[in-house]
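The values are calculated or read from the model by the stated rules, or taken from the named source; none is laboratory data. Please read these numbers as outputs of a predicted model, since none were measured by experiment. Positions of Cβ are generated from backbone atoms using ideal geometry, with glycine treated the same way; all protein chains shown enter the neighbour counts.
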Amino acid sequence: MTYTTQDLIEILDRELKANWKGERIVLSSEERINNPVVAKFLNMDRVSKVFAYQDFRRQVHEYQQEHQVSGIIWHNCTFRGKTIKYPEVYNQLIPIEGDKEILMCAKESILAFWYEVTEGMNFWLANALKKGNHLSVKTDETINSIHQQISSEYANKIVRQAEWAEIDASLTEVYLGLCWGDPLEYRYQWAKPKSGCDRIIAAETEPSSIKI
């Protein structure tokens, strides 16, 4: 019997808990730290746990590819009494062939929900810097997070450029992720511009200080 996506998530969760209980040990952890000065100041017991979990997770990823087990999970997003179910790659699994198409197919329904529940709200580009008359997404992590207010026209421009979308909400705000490229890498700043995800915040007044 082939494990399902949910089976693999539960297996990874159990393995992670076992690692932090000290039930998994990797004896070669020191050899994996290339910098001896850094290794000297690290807690090698904790490092062993990290490497042990990474090794196990890599085997799970190989299983996914061999048996074509999707890395997609489905979330519910509710705002103003309306709910949408949308797909996302689980952060401990990898996307397999066909998963990106699932993400792309959900884009239109996510955007329809976004436009409906954010009617009359203001928009901000999350973690953006303003350079002259142009906006760019912040890439330097040492710079404090800035949310730059944008027009609905500018938001629509970003929407059109995205390959797929993600959505989430708090009690007062809605967060739209507009993503492109490799679903395995799009969350990382180093992957830009080939892969990435711009995030728009919809709020009645000012957005909260939550880091997006």
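Restricting attention to segment 164-203, the residues that are touching a strand residue (DSSP E or B) at 6+ places or on another chain (Cβ under 7 Å) and acidic (Asp, Glu) add up to 4.
For (1) outside the structural domain of Ala112 (by TED's automatic domain parsing); (2) among the basic types (Lys, Arg); (3) assigned to a strand (DSSP E or B), each residue gets a yes or a no:
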site: Val159; (1), (2), (3): no, no, no
site: Leu171; (1), (2), (3): no, no, no
site: Val174; (1), (2), (3): no, no, yes
site: Gly177; (1), (2), (3): no, no, yes
site: Leu184; (1), (2), (3): no, no, no
site: Lys194; (1), (2), (3): no, yes, no
site: Arg199; (1), (2), (3): no, yes, yes
site: Ser208; (1), (2), (3): yes, no, no
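Asp7 meets the conditions (1) modelled with pLDDT under 90; (2) assigned to a helix (DSSP H, G or I) in every case but one. The failed one is (1). Modelled with pLDDT of 95 or more and outside any helix (DSSP H, G or I): does that describe Glu88? Yes: the conditions hold for Glu88.
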